[in-house]
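The values are calculated or read from the model by the stated rules, or taken from the named source; none is laboratory data. The shown structure was predicted, so the numbers you read here are calculated from the model rather than taken from an experiment. Note that each Cβ is placed from the backbone with ideal geometry, even for glycine, and that neighbours are counted across all protein chains shown. Keep in mind that these areas ignore ligands, DNA and RNA; they rest on the heavy atoms of the full protein, side chains included. Shrake-Rupley method; radii C 1.70, N 1.55, O 1.52, S 1.80 Å.
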Amino acid sequence: LEQKRRTLMKKNIGLLMMIILGVALLTGCRSSETVSIGMVKQSGDWIYYTDNNEEALYKMKTDWTGKTKVADNFGSGYMVIQGDTIYSSGMNGGVSKIQTDGTGAANVVDVGKESSYGFEVSGDWIYYSTKPGSIYKTKTDGTEKTKIADISSFEGDMKVSGDSIYYVDGTSLFKVETDGTEVMKLSENVVIYAVEGDWIYYGEKNEKGEFENVNRMRTDGTEQSKLVEGTFTAIDGDSLYYSKDDWLYRANLDGTAAAKMNKVKMWNILDIYGDYIYYGEYSGAAYRINLDGSDKNQFE
């Protein structure tokens, strides 16, 4: 009887081990199938996105066909698409560029021993900032590097529009021409969201140190006003997007005609373009939905 009991116990243990191994294998397979998305940008009829698992850049058409790898060893920090050229935060902290067909890869900005906050592309120039506080510009081919400004308390909060650069020194908003002249203080206690046309869209810091509401002022610092209560999300075309009470809203650029879009749980909105929202979840999975929350598609 004792021998039978031991034999049965061994069989049960063996079966349990097989079940555990099977679950582990299934879990591993499912994990490997999850695409972790870093960045998503739509440009025309194409979607460009980074796969963090592969450290690669892909593109596909907006109808979800034609998936093609554009480049390997592609960082997922920041990306700007201008015409047929993609500019991105380089693996070394600088700025790299590549054509949308995967050709012409080149390192444009090398920050050397410095650390880069980020960059903007405007016309034929790349504007970038380094720690602890300097703003530079260089041609998009990497030539004519020029220092524009040294800033005492700078954390990379910078936007470029036309011939002007808007940046925050400490908590003060300044404007400087792209040649480094005509420095002008515009306001206090702000974070820059966007610069569109003659307007700067910004948030204010509350007593808890959090930035709240969406405000705007003229690019000369005048006509400051609060547009909406909520958290800034994006500006696309003539529309302002912001979130409030778990809802996504859309309004005109002056804050009027605000309307609820959807109440989809979006951990991180990656891009809003036309009728689409691209967003990521904490797991790294990413999706595209319509503005009203319908037609959910996952990146695979």
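Full extension of the chain segment joining Asp63 with Trp267 gains 71.0 nm, where the gain is 0.36 nm per residue of separation less the Cα-Cα distance.
Cα-based radius of gyration for the chain, normalised by 2.2 N^0.38 Å, reads 1.26. Just need the relative contact order of the chain here, percent rounded to a whole number, with Cα pairs under 8 Å and 6+ apart. Result for the chain is 8 percent. Rounded to the nearest 20, the size of the Cβ-charge dipole of the chain about its Cα centre is 1940 debye, with Lys and Arg at +1 and Asp and Glu at -1.
Excluding Tyr48 itself, calculate the net charge of residues whose Cβ lies under 9 Å from the Cβ of Tyr48, where each Lys or Arg counts +1 and each Asp or Glu counts -1. Net of charged neighbours comes to +2. For helix 2-33, what angle does its Cα long axis make with the longest principal axis of the chain, in degrees from 0 to 90 and rounded to 10? Helix 2-33 sits at roughly 30 degrees to that axis.
Across segment 238-252, rounded Karplus estimates of 3J(HN,Hα) from the backbone phi angles (6.51 cos²θ - 1.76 cosθ + 1.60, θ = phi - 60°) give 9, 10, 10, 10, 8, 10, 7, 6, 6, 9, 9, 10, 10, 9, 5 Hz, Gly and Pro being marked x.
Placing R0 at 25 angstrom, the Cβ-Cβ distance between Lys208 and Asp246 gives a FRET efficiency of 0.80 after rounding to 0.05.
Expressed as a whole percent, the accessible surface of segment 176-300 that belongs to carbon and sulfur atoms is 41, based on a 1.4 Å probe. GNM on the chain, alpha-carbon springs under 10 angstrom: the most fluctuating residue among Asp45, Asp271, Asp110 is Asp45.
Over the chain, DSSP H runs of length four or greater, each weighted -39,500 (n - 2.57), average out per residue to a 222 nm ellipticity of -4000 deg cm²/dmol. Dipole magnitude for segment 119-251: about 220 debye, using +1 per Lys or Arg Cβ and -1 per Asp or Glu Cβ, origin at the Cα centre.
In terms of its alpha-carbon gyration tensor, segment 196-271 comes out oblate; a/c meets the 1.5 threshold, while b/c is at least as large as a/b. Listed values for segment 201-207 are Karplus-derived 3J(HN,Hα) couplings in whole Hz (6.51 cos²θ - 1.76 cosθ + 1.60, θ = phi - 60°), namely 9, 8, x, 10, 8, 8, 5, and x replaces Gly and Pro. Net charge of the neighbourhood of Gly38, taken over other residues with C-beta under 15 Å away and scored Lys/Arg +1, Asp/Glu -1, is -3. Oblate is the label for segment 110-162. Its Cα gyration tensor axes, ordered a ≥ b ≥ c, give a/c of at least 1.5 and b/c at or above a/b. Using the Cβ-Cβ distance between Thr171 and Ala257 with R0 set to 45 Å, the FRET efficiency works out to roughly 0.90.
Taking a Cβ cut-off of under 12 Å around Asn290, the surrounding Lys, Arg, Asp and Glu residues balance to a net charge of -1, with basic ones at +1 and acidic ones at -1.
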